[in-house]
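Visitor: Right, I'll just put the structure down here and ask away after.
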Amino acid sequence: MPFETLLRSHNELVSILKTIPDVLFKIDREGKLLEVHAARESLLLIPKYSLVGRNIKNILPDESAATIFAAMARAEQNGTDYGTDILLNLGQGEHWFELSVAFNSGGDKTPPYFIILSRNISERKNYEIELEQTRNALLIKQRELEAEWARCCSCRAAADKTDFVDKTS
């Protein structure tokens with residue numbers, strides 16, 4: 001009976017994992033990948049079978065690995081860390097990922113580890129970049145219009161002054 005309950009729980013967890021479209025990593029303190037779950041392997045830098053057992057320092061660009069280690073340190077201190085972004089070139093172009101990190105202190109026979117959920121936020125980031133570019137273009141146009149308005153007002157004031165001087169002379 002206990003085995004059947006355990007098997008049912010295991011199957012339920014497997015089903016839950018299958019519904020997650022994001023990449024899920026189990027990683028130790030040193031950066032070694034212990035497990036990888038990826039419903040879409042196109043979101044991985046290299047094939048899933050090549051990841052387990054490797055260290056992120058040897059796979060990712062230095063800046064991305066450092067960002068992940070910083071998120072892991074915050075998660076170890078606070079239990080979790082949310083919202084850290086990294087940019088990776090996956091071969092088919094650049095992709096932005098938002099990390100959610102949870103620390104697990106392990107147990108008697110299990111060393112501490114981290115669970116990292118990596119969500120593809122490329123579409124949102126691209127919209128944010130486009131919005132920022134549009135905002136900057138609008139600010140430049142606003143400054144140009146304000147400068148033109150000031151020139152027009154200055155010209156108008158000079159013309160009014162000339163008319164006033166001509167009328168009073």
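Visitor: Only four residue types carry charge here, +1 at the Cβ of Lys and Arg and -1 at the Cβ of Asp and Glu. Report the dipole size of the chain about the Cα centre in Debye, rounded to the nearest 20.
Guide: Computed about the Cα centre, the dipole is about 160 debye.
Visitor: I'd like the projected area of region 2-120, averaged over all directions, using the convex hull of its alpha carbons. Report it in nm² with one decimal.
Guide: Quarter of the Cα hull surface area: 8.1 nm².
Visitor: Go through PHE114, LEU6, ALA66 and say which Cα lies farthest out towards the positive end of the charge dipole of region 2-120; charges sit on Cβ, +1 for Lys and Arg, -1 for Asp and Glu.
Guide: Result: LEU6.
Visitor: Only Cα pairs within less than 10 Å get springs; with that Gaussian network setup on the chain, which residue of VAL52, VAL101, VAL23 has the largest fluctuation?
Guide: For the chain, modelled as a Gaussian network with Cα springs under 10 Å, the answer is VAL52.
Visitor: I would also like to ask the following. Fewest to most neighbouring Cβ within 10 Å: what's the order for TRP96, TRP149?
Guide: TRP149, TRP96
Visitor: Can you check what the net charge comes to around ASN55, using other residues whose Cβ is under 15 Å from the Cβ of ASN55 (Lys, Arg +1; Asp, Glu -1)?
Guide: Within the 15 Å Cβ shell, the charges total +1.
Visitor: Okay, next question. Which part of region 6-38 falls in the paramagnetic zone of ALA73, meaning amide N under 15 Å from the point 7 Å along Cα-to-beta-carbon?
Guide: Hits in region 6-38 for ALA73 at 15 Å: 29-31.
Visitor: Based on the Cβ-Cβ distance from THR110 to ALA66, what FRET efficiency comes out when R0 is 35 Å, to the nearest 0.05?
Guide: That pair, THR110 with ALA66, gives E of 0.85.
Visitor: In the Gaussian network model of the chain, springs joining C-alpha atoms below 10 Å, which of ASP22, ASP62, ASP81 carries the largest mean-square fluctuation?
Guide: Of the options given, ASP62 has the highest mean-square fluctuation.
Visitor: Follow-up question, since we're still on this one. Measuring from a point 7 Å past the Cα of ALA102 along Cα-to-C-beta, which residues in region 71-96 have an amide N at less than 12 Å?
Guide: From region 71-96, the list is 79-81.
Visitor: Among 9-19, 35-45, how do they line up from the highest to the lowest mean number of other beta-carbon atoms within 10 Å? Please report the intermediate quantities before stating the final value.
Guide: Numbers: 9-19: 9.6, 35-45: 14.7.
Sorting 9-19, 35-45 by mean packing, highest first, produces 35-45, 9-19.
Every number in this text was worked out from the coordinates using simple rules, so none of it is lab data. All values derive from a computational prediction rather than experimental measurement. Please note: Cβ atoms are built from the backbone with ideal geometry, for glycine as well, and neighbour counts cover all protein chains shown.
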